[in-house]
1. Asp21 versus Leu49, label points 7 Å from Cα toward the beta carbon: distance in nm?
2. If each residue's Cβ is checked for other Cβ atoms within 10 Å, how do Tyr31, Tyr144 rank with the fewest at the top?
3. What's the magnitude of the charge dipole for the stretch 86-149 around its Cα centre, counting Lys and Arg as +1 and Asp and Glu as -1 at the beta-carbon? Answer in Debye, nearest 20.
4. Convex hull over the Cα atoms of the stretch 19-147, averaged projected area in nm²?
5. If you plug each phi of the stretch 56-64 into the Karplus form 6.51 cos²θ - 1.76 cosθ + 1.60 with θ = phi - 60°, what whole-Hz ³J(HN,Hα) values come out, in order, with x for Gly and Pro?
6. Students often forget the sequence filter, so: which lysines lie under 22 Å Cα-Cα from Lys69 once same-chain residues fewer than 8 apart are removed?
7. For the stretch 40-52, just list the computed ³J(HN,Hα) in residue order, Karplus coefficients 6.51, -1.76 and 1.60, θ = phi - 60°, integers in Hz, with x standing in for Gly and Pro.
8. Give me Lys68, Lys60 sorted ascending by neighbouring Cβ count inside 10 Å, so fewest comes first.
Amino acid sequence: VERHPSTAEKAPEDAWAPSDDLTAKLEAFGYDVGYRFVERFSRDRPRLLEPLDVIKFLCKDFWIHIFKKQIDKLQTNHRGVFVLQDFNFRWIQALSGEHDAESKQKALVFLVFPCGLLRGALANLGILAIVNADLNAVPGCTSYARVQH
């Protein structure tokens, strides 16, 4: 089995740890897809002005079209931080039987692209945000969007 060139020089246990460059590219691809998708998807809708309305739109309509389900839980501190929880994230379901640190690291790689998707969608809707994700109980994940003022 031939490995990707960026992982060829790494030890087998490090093969799942992507380089910073690879992670940045994956996040950038997600940003581009999210930006373009929202551009087309929201073309015939009235412009959303409030950050909470934008986040609700992403949790319902956007997430359904991308991942075939709504976000399970949305929380906010009303100061620009939004917590989006998906208790059964489809992209990491296959990893749900493993609970060690290496498995968590593998699963985190699958969250880079969706973070870019959210950041790109938010940018297109006029909101600059920092988007991060974490795993709570695999296959569940939590995304954090911090709106930049």
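1. Result for the modelled spin labels: 4.6 nm.
2. Details: Tyr31 22, Tyr144 17.
Lowest count first: Tyr144, Tyr31.
3. Values: 5 positive and 5 negative charges, 50 e Å.
Using Cβ point charges on Lys, Arg, Asp and Glu, the stretch 86-149 gives about 240 debye.
4. 7.6 nm²
5. 4, 4, 5, 5, 9, 5, 4, 4, 4
6. Hits, sequence-local ones excluded: Lys56, Lys60.
7. 7, 5, 9, 4, 9, 10, x, 5, 8, 9, 8, x, 5
8. If I rank by nearby Cβ atoms, fewest first, I get Lys68, Lys60.
Taken together, the values in this text are just the output of simple stated rules run on the coordinates, not laboratory data. On a predicted model such as this, the values are computed, not experimentally measured, just so you know. Positions of Cβ are generated from backbone atoms using ideal geometry, with glycine treated the same way; all protein chains shown enter the neighbour counts.
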